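A short reminder: the numbers here are calculations on the coordinates, not readings from a lab. These numbers come from a predicted model, not from an experiment. We place every Cβ from the backbone using ideal geometry, glycine too, and count neighbours over all the protein chains shown.
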Amino acid sequence: MGQRIGIFGGTFDPIHVGHLVAAVNARDALRLDRVILMVANIPWQKAETRGVSTADDRLALVEAAVGGVPGLAAGRLEIDRGGESYTADTLASMREAEPEDELFLIVGWDVAAELTSWERYEEIQALATLVVVNRPGSGRPGALEVDGWRVAEVTVPNLEISSTDLRARAAEGRPLDYLIPDAGVRCIGARGMYAGSG
């Protein structure tokens, strides 16, 4: 019998407590065995709009942030595959490796509204249940009214945390405490991430 596996993909540049709150709430609400925070190798939607930290740095940061959190794990499948990261490829690889697992793709409500712009989104529809992490009082994105999506919704506290702001804070030497887990803050410092990038 397979497991119920959540896949929460992202650039995670940097990962922050908002990501972790979404992951643990989805895990709990849907009784997932595990949520993998899948680190994008080259995020095709962001790579040309701004500089992105190295995949190894971002993976180390996610590993530090989720270390010791039951049911959460850092994922390196997209890094190992190389090239641009596409969710359809990741889900297909996971289905091939463990055909009995039930896959749940976890996305924020803002991302859910753009899913039809993703590469081969029809394959994503076929391979996974879409888990939309919603803020209290937010409605379902209209794009999800398209036939074919299996959708579960999970409401989480409204945490206004921006990775852009966190990168600027780190570059300026301002505190990251309580915005990023302590182990993640130490990882940023040890690797010199975001220094001088403000």
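For labels at ARG120 and SER93 in the simple 7 Å Cα→Cβ model, what's the distance in nm?
Each label point is offset 7 Å from its Cα along the Cβ direction, giving 1.2 nm.
If the chain between THR54 and VAL151 were fully stretched, how many nm would it gain, using 0.36 nm times the residue separation less the Cα-Cα distance? Write out the running numbers ahead of the final one.
Values: separation 97, 0.36 × 97 = 34.92 nm, distance 3.24 nm.
Between THR54 and VAL151, full extension yields an extra 31.7 nm.
Could you give me the percent of Cα pairs per 5 Å distance bin for the chain, shortest bin first, beginning at zero and ending with the bin that holds the maximum distance?
Bins of 5 Å from zero give 1, 7, 16, 20, 21, 18, 10, 5, 1, 0 percent of pairs.
Roughly what angle does helix 163-172 make with the longest principal axis of the chain, taking Cα atoms, 0 to 90 degrees, to the nearest 10?
With both axes taken from Cα atoms, the answer is about 10 degrees.
Within segment 66-98, whose backbone N sits under 14 Å from a point 7 Å along Cα→Cβ of LEU159?
66-67, 69
Using alpha carbons only, how many degrees (0 to 90, rounded to 10) separate the axis of helix 87-97 from the longest principal axis of the chain?
In the chain, helix 87-97 runs at an angle near 70 degrees to the longest axis.
I'd like to compare 171-181, 74-84: which one has the highest average count of other Cβ atoms within 10 Å, and what's the full order after that? Mind showing how you got there, number by number?
On the way: 171-181: 14.7, 74-84: 16.3.
Order by mean packing, descending: 74-84, 171-181.
Before rounding to the nearest 500, sum -39500 (n - 2.57) across all DSSP H runs of length at least 4 in the chain and divide by the residue total; then give [θ] at 222 nm in deg cm²/dmol.
After summing the helix terms and dividing by the residues of the chain, the value is -10500 deg cm²/dmol.
What does the extension gain come out to for GLU102 and MET1, with contour length at 0.36 nm per residue minus their alpha carbon separation?
35.4 nm
Place a +1 charge on the Cβ of each Lys and Arg in the chain and a -1 charge on the Cβ of each Asp and Glu, then give the dipole magnitude about the Cα centre in debye, rounded to the nearest 20.
Details: 19 positive and 29 negative charges, 115 e Å.
Result for the chain is approximately 560 debye, rounded to the nearest 20.
Test of understanding: what is the full-extension gain from ALA195 to ALA183, defined as 0.36 nm times their sequence separation minus their Cα-Cα distance?
Here the answer is 2.6 nm.
Could you tally the net charge around LEU77, taking each other residue with its Cβ under 13 Å from the Cβ of LEU77, Lys/Arg +1 and Asp/Glu -1?
-2
Considering the options VAL39, ALA73, PRO14, tell which one lies farthest towards the positive end of the dipole of segment 4-191, charges being +1 on Lys and Arg and -1 on Asp and Glu at the Cβ, about the Cα centre.
PRO14
Summing Lys, Arg as +1 and Asp, Glu as -1, what charge do residues with Cβ under 13 Å from the Cβ of GLY67 carry, GLY67 excluded? Display every interim value, and only then the final one.
Details: positive: ARG186; negative: GLU63, ASP182.
Net of charged neighbours comes to -1.
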